[in-house]
């Protein structure tokens, strides 16, 4: 669990010190205030790797973190950027702070890190749907292939996927899988379909909002399933720790759906794991529907809303309004 982060001379931040709530942290602010970069920094703090491209600085950059390990013990650790070597150095160089880290990026891609497998993986939106092959082996078979396989086998993954899909559905209808179908003379694949109020629709032809939810449901199912399989192969117990990061959480969703998406994410993770225990969430938003829900439903010892804004010198800083912050 990450309790605090201090960022010096990096990205849009000259100096940012931020304490985090143990359950839900909402990062809000206008465009250009560094919400996405802050999520990238949280990922970096937890995994020692930047999500996509390494972040560099022409100044003396540093990230300091306070967290807790798998035993709940307090940990201090930091990273400094060496300009001559163009690389980041961590002190201490190894620590146990990861568990399962899930990052749904604003571009639709996914980053995942698993302490059991000892590596991290970044997938594009295209790869999430169609799979990725590396050196003749599939790293991920993709939503279209996996969901069809789960349906044919009536597997545990199918039951998990359907539970998560129902939890993430909007309040006025439930998204459910239906029978696969062919959609083209040129494509011999059977394509999964979803049953919507107006009929069955191939997943490749669904709206952007439905596709976003299908992507999130599939990624959660696939990531947790692979974690459980890795634990079984390694003869290890499942790691109870999970950090969930999601950028632009309201993207492509109707305002009514935006207003319930955080509650839906809570329900989806609970359906996946059985509870929210040892789960820490970070989501970025600029939607008043999302923040409006938060102000009504927050449990402030557990949850926090953190607003980034520019000061008079155009430096990004943390808004210290007591209405919007927790434990700052």
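No value in this document is a laboratory result; all are computed from the given coordinates. Quick caveat: nothing in here was measured; it's all calculated off a predicted structure. Here the Cβ positions follow ideal geometry from the backbone for every residue, glycine too, while neighbour counts run over all protein chains shown.
Things worth noting here:
- In region 196-242, the alpha-carbon atoms span a convex hull of 103 Å³ per residue.
- Using a Förster distance of 30 Å, the FRET efficiency for residue 14-residue 228 (Cβ separation, nearest 0.05): 0.10
- Beta bridges assigned by DSSP with both partners in region 2-318 are antiparallel in approximately 70 percent of cases.
- Extending 7 Å from Cα along the Cβ direction at residue 93 and again at residue 173 yields two label points whose distance is 5.7 nm.
- Using the Cβ-Cβ distance between residue 137 and residue 4 with R0 = 41 Å, the FRET efficiency computed as 1/(1 + (r/R0)^6) comes to roughly 0.55.
- Computing FRET efficiency as 1/(1 + (r/R0)^6) for residue 185 and residue 236, where r is the C-beta to C-beta distance and R0 is 51 Å, gives about 0.60.
- Its relative contact order, with pairs defined as Cα atoms under 8 Å and 6+ residues apart, puts the chain at 23 percent.
- A full extension of the chain between residue 156 and residue 205 corresponds to an added length of 15.0 nm, given 0.36 nm per residue minus the alpha carbon distance.
- Distance cut-off 34 Å, percentage of C-alpha pairs in the chain lying past it: 25
- For region 50-124, diffusion coefficient by Stokes-Einstein and Kirkwood Rh (Cα), 25 °C, 0.890 mPa s, µm²/s: 173
- In region 1-101 the Cα-Cα distances spread across 5 Å bins starting at 0 as 2, 12, 24, 27, 19, 11, 4, 1 percent of all pairs.
- Sequence-distant contacts, meaning Cα pairs under 8 Å at least 6 residues apart, place the relative contact order of region 232-316 at 35 percent.
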